[in-house]
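First comes the structure, then the notes that go with it.
What follows is calculated from the coordinates using simple rules that are stated; it is not laboratory data. Since we're looking at a predicted model, the values are computed, not measured. Cβ sites come from the backbone with ideal geometry, for glycine too, and all protein chains shown count toward neighbours.
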Amino acid sequence: MIRPDLIDRLRVTPGKRLRLKDHDPGWAQTKELKELGKEALRTRAEEILRVNLAELAEAQELLYANDVYSVLIVFQAMDAAGKDGTIKHVMSGINPQGCQVFSFKAPSAEELDHNFLWRYMKALPERGRIGIFNRSYYEDVLVVRVHPELLERAKLPPGKRGKSFWRDRYEDINAFESHLARNGTLILKFFLNVSAAEQKRRFLDRLDDKEKHWKFSAADLAERAHWDDYMEAYEDALSATSTKCAPWYVIPADHKWVTRAVVADVVTSTIRGLDLRYPKISEEQERRLAAARKTLAAE
């Protein structure tokens with residue numbers, strides 16, 4: 001497992017202003033890790049991922065059997081940061097019956113006729129299950145903030161769309177997540193922090209490889225032109241909405257093996273922290289089980 005002090009470096013402290021320039025998207029997060037070396041660290045990260053996948057499968061089974069808590073995992077990132085691959089690798093060992101993944105695109109006409117949280121409420125995981133949001137309601141304080149013209153489709157009451165408007169949305173999100181947490185939903189939020197240089201390299205890789213052309217969209221390049229605006233929007237949103245019950249983690253994403261190991265470790269250790277137990281059965285149920293065993297043994 002990854003040392004708690006290293007994980008703490010990635011968690012956004014509630015009430016403290018986040019500055020992404022203070023978060024290295026690479027593998028050498030500390031002097032100690034740099035001295036260990038890239039290849040040695042990669043080997044260790046792969047071992048951490050392997051162990052966590054086995055433990056996550058067990059934790060998921062306990063979550064399902066306990067049937068009290070649900071887990072909501074939120075992924076946000078710039079294009080090509082590795083959300084899809086992280087979800088695929090971290091969740092590869094769990095029972096697919098206990099996990100659901102939703103990828104949210106542009107809202108439909110029906111969804112625009114409701115408040116911005118409505119379509120996400122419908123996709124929340126039930127008790128005993130893990131739900132993953134590949135992009136989420138945070139798009140409404142990220143993409144929509146960078147492109148405020150999108151608000152014109154939302155049919156909102158008249159009013160100013162300045163700083164107070166976005167503060168109100170942050171408050172709505174915090175209240176929503178607080179409500180979920182009080183009712184048994186464990187919330188983990190990951191911002192995959194990819195650098196502009198690494199995003200460029202991955203875009204070029206997609207353009208150079210015909211089998212990856214389907215991954216590239218002209219819209220990706222258009223959004224890249226707003227990089228600084230997105231970084232500001234992310235800093236504001238993560239600073240305002242990282243809370244004790246729904247923390248944000250800024251995950252280094254320039255190296256996929258780092259991303260996957262860290263996310264798997266945080267998810268597994270947090271679920272294990274619930275200290276779940278298999279349900280105990282009553283004495284009457286014990287007697288019925290004994291009778292059933294006796295009947296089967298006598299066949």
* Highest-fluctuation residue, ARG19, ARG169, ARG161 considered, GNM on the chain with Cα pairs under 10 Å -> ARG161
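If you take the C-alpha gyration tensor of the chain, multiply each eigenvalue by 5 and take the square root, what semi-axes do you get, largest first, in whole Å?
Numbers: eigenvalues 255, 139, 72 Å².
Taking √(5λ) for each eigenvalue gives 36, 26, 19 Å, largest first.
Mind giving me the FRET efficiency for TYR170 and LYS210? R0 is 35 Å, r the Cβ-Cβ distance, nearest 0.05 is fine. Display every interim value, and only then the final one.
Working: r = 43 Å, r/R0 = 1.22.
Once the sixth-power term is evaluated, E becomes 0.25.
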* **Rounded tilt (10° steps) of 196-208 against the dominant C-alpha axis of the chain** => 80 degrees
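Cut-off is 10 Å between beta-carbons; in what order do GLU232, GLU198 appear when sorted fewest neighbours first? Display every interim value, and only then the final one.
On the way: GLU232 14, GLU198 19.
The most exposed by this proxy come first: GLU232, GLU198.
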* Structure fact -> The summed charge of the LYS16 Cβ neighbourhood (under 14 Å; Lys/Arg +1, Asp/Glu -1) stands at +1
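Quick one: of the DSSP bridges fully inside the range 4-297, what percent are antiparallel, nearest 5?
Numbers: 1 of 24 bridges.
Once the DSSP bridges in the range 4-297 are tallied, antiparallel ones form about 5 percent.
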* Asked: By how many degrees, 0 to 90 and rounded to 10, does the Cα axis of helix 38-66 deviate from the longest principal axis of the chain?
  -> 50 degrees
* **Likely footprinting exposure, LYS122, LYS160, fewest C-beta neighbours within 10 Å first** => LYS160, LYS122
* Which of the lysines could a cross-linker bridge to LYS244, judged by Cα under 17 Å and excluding same-chain residues fewer than eight apart? -> LYS16, LYS189
* Helix-derived mean residue ellipticity, 222 nm - over the chain, DSSP H n ≥ 4, -39500 (n - 2.57), to 500 -> -15500 deg cm²/dmol
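Before anything else, pin down the relative contact order of the range 4-297: Cα pairs under 8 Å, at least 6 apart, normalised by residue count, whole percent.
Values: 376 pairs, mean separation 102.7, N = 294.
For the range 4-297, the relative contact order is 35 percent.
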* Asked: How would you classify the range 81-179 from its alpha-carbon gyration tensor, with a ≥ b ≥ c the square roots of the eigenvalues: rounded for a/c under 1.5, else prolate if a/b is greater than b/c, otherwise oblate?
  -> prolate
* Enter the Cα centre distance for the pair the range 132-148 and the range 260-299, rounded to the nearest angstrom. => 38 Å
* **Estimated dipole of the chain in Debye, rounded to 20 [Cβ of Lys and Arg +1, of Asp and Glu -1, Cα centre]** => 200 debye
* Shape metrics for the range 145-299, restricted to C-alpha atoms - Rg then Dmax, Å -> 24.3, 77
* **Highest average packing first - 265-275, 200-210, Cβ atoms within 10 Å** => 265-275, 200-210
* Return the aspartates and glutamates within reach of LYS212: Cα separation strictly under 20 angstrom, same-chain partners fewer than 8 residues apart disregarded; answer none if there are no such residues. => ASP79, ASP84, GLU198, ASP220, GLU223, ASP254
* Under 27 Å Cα to Cα from LYS210, which lysines show up? Leave out anything in the same chain fewer than 8 places away. => LYS83, LYS88, LYS105, LYS200, LYS256
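Going by how many other Cβ atoms sit within 10 Å of their own, how do TRP166, TRP227 line up, fewest first?
Working: TRP166 19, TRP227 13.
Neighbour counts put them in this order, fewest first: TRP227, TRP166.
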